[in-house]
Each structure stands twice: as structure tokens, then as C-alpha cells.
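Structure record follows, encoded as C-alpha cells.
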Amino acid sequence: MLHIVEIAVSDYELRDQKSKIQRWLDRNCFQPIGFRFLSRTGVTICRVDFEVESEAKAFSEAFGGCFLSAAV
């Protein structure tokens, strides 16, 4: 099963937030299987895919994201 987390980031904060995400993933030794960035007016949706549910939930909590799961 694929576990997805979406977080909304303002365009102004996107560069800084990408760095924070990478540092957090490295510090926790988590390896997501995919990243997507969907631009909307003034905001970017960062979608991160995990194979491990507990990693997705921890990421969601750390970044105030929306946790989703999808059957693959």
C-alpha cells in the first residue's frame, strides 16, 4: 500500500521548506519513494509518498500535513 502525505507551502517559503523536509528525512533515516510538487496560485502542494505507514504518519505530524493512503 502507498501512504501519501500532502502539505501546502506558500511559494514564498518553498525553498526553505524543501530544505527542512530533507533535513528531517535524513535525521530520521526515512526514505520516501516519491516527491511531487503541484503549483497553484501562491501555494505549492508537496506530495510525498512512503511505503511505510508509520513514516508517513510521523512526517505528516511533523509538517502539519494531510495523511492519505492509496491501494497500489
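Here are some notes:
- Residues of segment 9-29 falling in the label zone of ARG40, defined by backbone nitrogen less than 19 Å from a point 7 Å along Cα to beta-carbon, are 9-15, 17-18.
- Principal-axis tilt of helix 14-28 within the chain, Cα atoms, nearest 10 degrees: 30
- Label-point separation in nm, ASP16 to ILE33, each point 7 Å along Cα→Cβ: 3.4
Taken together, the values in this text are just the output of simple stated rules run on the coordinates, not laboratory data. On a predicted model such as this, the values are computed, not experimentally measured, just so you know. All Cβ positions, glycine included, derive from the backbone under ideal geometry; neighbour counts span all protein chains shown.
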